[in-house]
Amino acid sequence: MRKYLRAHPRGETTVCKLNLKAGRLHETQATVYDAAVECFLFPDAETQHYLCDDLGIDAHNLHLCLDPNALPRVEIGSGDYSAALILKLPLQQCEVGSFTFQVGSAGLFLVNEHKLIVVLPDDEMLISFAQSSAFVGVEDLSDLMIHVVYHAVRSFQHYLQQIHLCSEQLEEQLATSATGIDLLHLFELKKSLVYYRTALSGTGAVLQRLMGEDVRQRLKMNRHNTAMLDDVAIEYTQAEKVAHIYSEVITDLMNTRASTVGNNLNKIMMNLTAVVIGIAIPTFVAGMGGMSEFSAMIGFEDNWLLGYSLFLVGSLGITVVVIFLIRKLEPLLSK
């Protein structure tokens, strides 16, 4: 499977044919018409023509599963064992060290009780689908659709843990970092969690639709399918709560970092103000009459070098005293 995908560059149509045997998916060399499950990656115009015209898949639903911004939805066909399911799935990070986590759209099209079409947005996801141990104990194609939803929710849980590890890493770096790059990385994580929470919210709507009485009857779901849906609902609730908690944690961490940067900036401005005031006083004295007048006032008109030296020492003394007084008054001024 991996050799086949590597031979096909990204963006070229890839087809994986699977059959359901003994409750598991097995890759087969049968024709597309004989395979029970067909997985497509980057379907081209010819493939889309086959899916829409030969298998009767709605063109609008097919285009939705190819749109990364499409919302999850369920559409039940006119006959039994006929449904279109648009899901959101987390995508694998493209760059090492990246703090951006994206989501993509996938489509499940139950043509009849013997044919399921799967359109996936990522090659690694196609490999995972064909080799995943999550698809065990599958009874029929309707049950396989529920397993795919379960696998999607578990994938979100996995990447949520990755986001949590990234946030802990950034939290350690923030303690010693003097730049704002870590704050930008936190913003990327926050944005990724917004994508995840939106995708999970849509997945919850899909679950509610699948658990409806009319959908269960049309797809001929049995007690095992209903119990599986209940398990998926539990996993979904946990993933949604975890995403909400991590989002709140990162928000608080960003606010804390921003407050720390603001406090440090205030301290720097306070020190600079003290230095400016300290220098301004001797400058004001020297500007009133000039350095020659100061030398004449202290009796060192003929020895200007000594007069200048005394003025410099006096200026530094006044500056130190002013800075000291401002530092003492700083706690009162900050209240």
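Going by the conditions given, is D231 closer than 26 Å to L141 by Cα and open to solvent by 70 Å² or more (accessible area, probe 1.4 Å)?
So D231 passes the test.
It is to be established whether one or more residues within segment 193-200 are under 30 Å from S78 (Cα atoms), of a type in the set (K, R) and surrounded by fewer than 21 Cβ atoms within 10 Å (Cβ to Cβ).
Within segment 193-200, the first condition is being under 30 Å from S78 (Cα atoms), and the residues that meet it are 198-200.
Restricting the remaining residues to those that are of a type in the set (K, R) gives none.
No, there is no match, as no residue in segment 193-200 is under 30 Å from S78 (Cα atoms), of a type in the set (K, R) and surrounded by fewer than 21 Cβ atoms within 10 Å (Cβ to Cβ).
Quick check on my filter: what residues within segment 106-144 are more than 20 Å from H63 (Cβ to Cβ), aliphatic (A, V, I, L, M) and either at pLDDT 85 or above or part of a strand (DSSP E or B) (or both)?
Scanning segment 106-144 gives V136, L141, L144.
Of all residues in segment 200-230, count the ones that are assigned to a helix (DSSP H, G or I) and either more than 21 Å from L160 (Cβ to Cβ) or within 11 Å of the chain's Cα centre (by Cα) (or both).
Summing the residues that are assigned to a helix (DSSP H, G or I) and either more than 21 Å from L160 (Cβ to Cβ) or within 11 Å of the chain's Cα centre (by Cα) (or both) in segment 200-230 gives 17.
Based on what the data block shows, is R216 among the basic types (K, R) and surrounded by 14 or more Cβ atoms within 10 Å (Cβ to Cβ)?
Working: among the basic types (K, R): yes; surrounded by 14 or more Cβ atoms within 10 Å (Cβ to Cβ): yes.
Spelling it out, R216 is indeed among the basic types (K, R) and surrounded by 14 or more Cβ atoms within 10 Å (Cβ to Cβ).
Given the condition under 23 Å from A70 (Cα atoms) and without any contact (Cβ under 8 Å) to a residue 12 or more places away in the chain, answer yes or no: does some residue in segment 186-193 qualify?
no
The values are calculated or read from the model by the stated rules, or taken from the named source; none is laboratory data. Everything numeric here is computed off the predicted structure, so don't read it as measured data. Every residue, glycine among them, receives a Cβ derived from its backbone with ideal geometry; neighbour counts consider all protein chains shown. Just the protein is used for accessible areas: all its heavy atoms, side chains included, with ligands, DNA and RNA removed. Shrake-Rupley method; radii C 1.70, N 1.55, O 1.52, S 1.80 Å.
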